[in-house]
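The values are calculated or read from the model by the stated rules, or taken from the named source; none is laboratory data. If you're wondering where the values come from, they're calculated on a predicted model, not measured in any experiment. Neighbour counts are summed over all protein chains in view; Cβ atoms, including those assigned to glycine, are modelled from backbone coordinates with ideal geometry.
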Amino acid sequence: MTPQTKAPALDSVDDSWTRVRAGLVGQIGQDNFKNWIEPLVFLGSDSGVGRFAAPTAFIGTWVQRNYGDALRTLLCREGLTVTQLDFAVAQAPVPAMRVVPKDATALVAPAPQPAAAAAGAGEVDLPASPLDGRCTFDNFVVGKPNELAHAAAHRVAEGVAEGAGVTFNPLFLYGGVGLGKTHLMHAIAWEVRQKNPEARVLYLSAEQFMYRFVSALRFKDMHGFKEMFRSVDMLMVDDVQFISGKDSTQEEFFHTFNALIEQQKQIVISADRAPGEIDGLEDRIKSRLQWGLVVDLHPTDYELRLGILQAKAEAHMEQHPGVGVGAGVMEFLAHRISSNVRVLEGALNRLFAYASLVGREINLDMTQECLADILRASERKVTIDEILRKVADHYTLRMSDLLSARRARQVARPRQVAMYLAKTLTSKSLPEIGRRFGGRDHTTVIHAVRKIEELRATDGQIAEDVELLRRMLEA
């Protein structure tokens, strides 16, 4: 009778597993390791069986199929006699679902939500899939540029959470960097999670969708891929423009999209452009992305930036109770930093960190000193040529029309709008602006600026045109 192999001491098992993990990183790469191996817990070996706890059966099956040989080889090198592997689903509480913004792995079966997650405090510890607890609807500052996107996202979250069917499908959110697309997608996931812990949500980037698809082809596991993506209650894909020009990935995305729509499952997509403006995307996919509701997150205006700053400052002051904010600081930042909200938040983070370290109030002098580099980078760089192009496009004119001597109202009014924007958005003098507009006198520029200022107060269309053009030029 062969004596049973004595299990190594716990410390020895932990040390062995640490070395095995290091060996696997070198063999399969950091991304694969983070997605598939990092969530595992090695329980030890017994009678030739290496035992692991996995967050889901799917992950255990995937690792067994794709990395089983490598695991067994490395474990044996550690002196552990392992001829087969066993993966059991962990019984310890895990987050209710996995929401994967940039590094998707797989669905995780629902389970009780940890108290920290329920409170929305900080970032929830999800294996390889962090969900930012700050990105909730409660923490989203709503203003005119984003109110439609916020309302649509809230409606989708309620529909999925209540199982009441989809109001519009898909929801397509698009806009530039730092305008709130990711925040709204996280907020949808949080809302669904809070109201319906049983809901299965998969959230990933289009790049990760492609990566999963290529991996499934490589390891001949298209069945597992389709099962992962078509068994969800809601699929959320970020930066869908990434799959433009990638024919095979687009083909699979098209079939996944259709399968979920047929099952009446919700789809939420984000991109940096509207569906019809994404070059290299198949027409049939563009058409489907426009089936539901397409919402543009406009560049922030002054009022929205100020509201965001005030909300963020209140949160900072709770963390740094000894730090005060002087008069005019928030208004100064909202005016000077208009590129995107991320830059604005980063500036505020730096200010509070600096003030807490040196023990001073945040005033305008400190702000200009501490944020000199950000303020320089955020200085307006709008040119008169850009203004002429934007205004000509907006009013369906040629740039030469704006520079001409034509006095017809359909040309003269846009020309005055362009002069007003040149005066308010650039540092050019009135004579310089006049020369750039076909050699006109500076008094013509003064008249144009005053006229547009008057019309903004009485003519809603002019006010809307000027505000839209200003946002586009400052974005």
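Here are a few things to note about the model shown:
- Single match in Val325, Val358, Val329 (criterion: outside the structural domain of Gln266 (by TED's automatic domain parsing), loosely packed, with under 14 Cβ neighbours inside 10 Å and hydrophobic (A, V, I, L, M, F, W, C)): Val358
- Residue that is of a type outside the set (Val, Ile, Thr), part of a loop (DSSP other than H, G, I, E, B) and within 25 Å of Tyr302 (Cβ to Cβ), where the choices are Lys428, Lys390, Lys423: Lys428
- Tally of residues being touching a Ser or Thr at 6+ places or on another chain (Cβ under 7 Å) and not in a helix (DSSP H, G or I) across segment 339-357: 1
- Which numbered condition Val391 fails, given (1) loosely packed, with under 15 Cβ neighbours inside 10 Å; (2) of a type in the set (A, V, I, L, M, F, W, C); (3) modelled with pLDDT of 85 or more: (1)
- Restricting the first member to segment 126-151 and to residues that are at pLDDT below 80, and the second to residues that are of a type in the set (Val, Ile, Thr) and part of a strand (DSSP E or B), the beta-carbon pairs closer than 8 Å and six or more apart or on different chains are Pro130/Val124; Leu131/Val124; Gly133/Val124.
- Qualifying residues in segment 394-404 (those that are touching a helix residue (DSSP H, G or I) at 6+ places or on another chain (Cβ under 9 Å), not aromatic (Phe, Trp, Tyr) and not in a helix (DSSP H, G or I)) - the one surrounded by the most Cβ atoms within 10 Å (Cβ to Cβ): Leu397
- Index of the failed condition, Thr396 passing every other in (1) in contact with a Lys or Arg (Cβ under 7 Å, 6 or more places away or on another chain); (2) on the phi > 0 side of the Ramachandran plot: (1)
- Residue list for segment 321-378, filter: at pLDDT below 85 and small (Gly, Ala, Ser): Gly322, Ser338, Ser339, Ala377, Ser378
- The single residue among Glu453, Glu386, Glu361 that is touching a residue at least 12 places away in the same chain (Cβ under 8 Å) and under 30 Å from Asn349 (Cα atoms) turns out to be Glu361.
- Residues (of a type in the set (S, T, N, Q) and within 21 Å of Glu303 (Cβ to Cβ)) located in segment 338-355: Ser338, Ser339, Asn340
- Of all residues in segment 288-305, none are in contact with a Lys or Arg (Cβ under 6 Å, 6 or more places away or on another chain) and more than 30 Å from Arg470 (Cα to Cα).
- Among the criteria (1) outside the structural domain of Gly328 (by TED's automatic domain parsing); (2) touching a helix residue (DSSP H, G or I) at 6+ places or on another chain (Cβ under 7 Å), the one Glu277 does not fulfil is (2).
- Pair list, Cβ under 7 Å, 6 or more apart: segment 301-313 residue assigned by TED's automatic domain parsing to the domain that holds Glu345 and closer than 11 Å to His335 by Cβ, other residue assigned to a helix (DSSP H, G or I) and among the acidic types (Asp, Glu): Leu306/Glu331
- Residue count for segment 41-82, restricted to those that are closer than 27 Å to His223 by Cα, modelled with pLDDT of 85 or more and touching a Lys or Arg at 6+ places or on another chain (Cβ under 9 Å): 1
- Phe168 part of a loop (DSSP other than H, G, I, E, B), in the same structural domain as Met236 (by TED's automatic domain parsing), farther than 30 Å from Trp36 by Cα and at pLDDT 90 or above: no
- Residues that are of a type outside the set (Val, Ile, Thr) and in contact with a Lys or Arg (Cβ under 8 Å, 6 or more places away or on another chain), drawn from segment 253-273: Phe254, Phe257, Asn258, Ala259, Leu260, Gln263, Ser270
- Complete set of residues in segment 413-454 that are small (Gly, Ala, Ser) and exposed (fewer than 15 other Cβ atoms within 10 Å of the Cβ): Ser427, Ser429, Gly438, Gly439
- When Arg440 is tested against (1) more than 21 Å from Leu304 (Cα to Cα); (2) assigned to a helix (DSSP H, G or I); (3) modelled with pLDDT of 90 or more, exactly one condition is not met: (2).
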